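Here is the structure we will look at, set down as structure tokens.
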Amino acid sequence: MTSATDRLREARAIDGSAPQGGGEGIRTVTVASPGGSVMVNVGPNESSVTIANATTGASVTIPVAPGKDTQIPIPNVPGGTVLTISIGVGTTARIIVVQVIAPSP
Amino acid sequence: MRIAPVYVIAPLAGKTLPTRRAFLLASGTFLAGTVVGGACGYSLGAARAGAAPQQEPELPSSNDVELDELRRLAVKAPIDELFEKALPFLHIRVSTYKNDEILWRGVDRLSKEIIENPGRRVDLGLVLVLIGQIEGTARPENPSLRDRVPALRLRRDELRRPR
């Protein structure tokens, strides 16, 4: 059975980055470290992304550069927390799920 | 100028019904058709109503267009449509309408389908969000959802395995 740290290490083993997730309108990684940051790339018509805790719904909106890569901070949440990074509103929003994995001390 | 008489042969008169009798015959046929058709339609409809699955009652209006749409997704929308919009559905449910009882039925349908239909293509992220919401916010009076968490974890682990 692989631990959370192993999974994070495996995800970053190839080129130092985590696996990519996303599709039309938004691209980012699918794993992150608590208190760290992730690179987000949004389409040219988007100027902000929303990071939300998928369990509690607490969210924060962060401005990003349209059409460019932007580093956004990951909240300092416990390992195992599932976050969503989204653009747009309503049922047409595009959402990427990011799992926060705490590295071993 | 001389005018000569011409004889035109008239066709033989056919056997025709008197107008009154024809009207009575047409009316009678129409009435008989109506009675037989109505009886057949009623019996077919009654039989079909008895055999049809129980219809969902109409959803109460909340005077909130977004909430009504989410409720429709949760309860009435085809399962494929619910899966297509599952992540936005779960995101809005937990961030805006956390206390809406009806929306939990969407969580119920999603989790049930993921467990009972291994052939359905499911995103790992969706399973993670479902587990998180059921563990983190499911109500005590909804224990069946918590009972599904172990099976959802198994599905999550399957999706994590490299292929």
Leading residue by the ranking (modelled with the highest pLDDT) among those in the range B:87-122 that are within 9 Å of another protein chain (Cβ to nearest Cβ) and surrounded by fewer than 17 Cβ atoms within 10 Å (Cβ to Cβ):
B:T96
A:D69 passes all but one of the listed conditions (1) within 11 Å of another protein chain (Cβ to nearest Cβ); (2) surrounded by fewer than 16 Cβ atoms within 10 Å (Cβ to Cβ); (3) not β-branched (V, I, T); the exception is number (1)
How many residues, within the range A:78-103, are more than 7 Å from every other protein chain (Cβ to nearest Cβ) and assigned to a loop (DSSP other than H, G, I, E, B)?
9
What number of residues in the range A:41-53 are more than 13 Å from the chain's Cα centre (by Cα) and within 14 Å of another protein chain (Cβ to nearest Cβ)?
0
Just checking, which of A:I26, A:I14, A:I62 is away from chain B (no Cβ under 11 Å) and either at pLDDT 90 or above or touching a Pro at 6+ places or on another chain (Cβ under 9 Å) (or both)?
A:I62
For A:T56, which of the numbered conditions (1) away from chain B (no Cβ under 11 Å); (2) assigned to a loop (DSSP other than H, G, I, E, B) fails to hold?
(1)
Condition first: at pLDDT 85 or above, touching a Ser or Thr at 6+ places or on another chain (Cβ under 8 Å) and of a type in the set (G, A, S). Now tell me which residues in the range B:136-158 satisfy that.
none
I'd like the full set of residues that are part of a helix (DSSP H, G or I), more than 12 Å from A:G90 (Cβ to Cβ) and either of a type outside the set (D, E, K, R) or within 7 Å of chain A (Cβ to nearest Cβ) (or both), limited to the range B:63-86.
B:A74, B:V75, B:I79, B:L82, B:F83, B:A86
In the range B:128-145, is there at least one residue being more than 9 Å from chain A (Cβ to nearest Cβ), of a type in the set (G, A, S), touching a residue at least 40 places away in the same chain (Cβ under 8 Å) and farther than 15 Å from A:T56 by Cα?
no
What is the number of the single condition among (1) in a helix (DSSP H, G or I); (2) of a type in the set (D, E); (3) within 22 Å of the chain's Cα centre (by Cα) that B:E158 does not meet?
(3)
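The values are calculated or read from the model by the stated rules, or taken from the named source; none is laboratory data. Since the structure is predicted, the reported quantities are computational estimates derived from the model, not experimental observations. Counting neighbours? That spans all protein chains shown, and the Cβs are built from the backbone with ideal geometry, glycine included.
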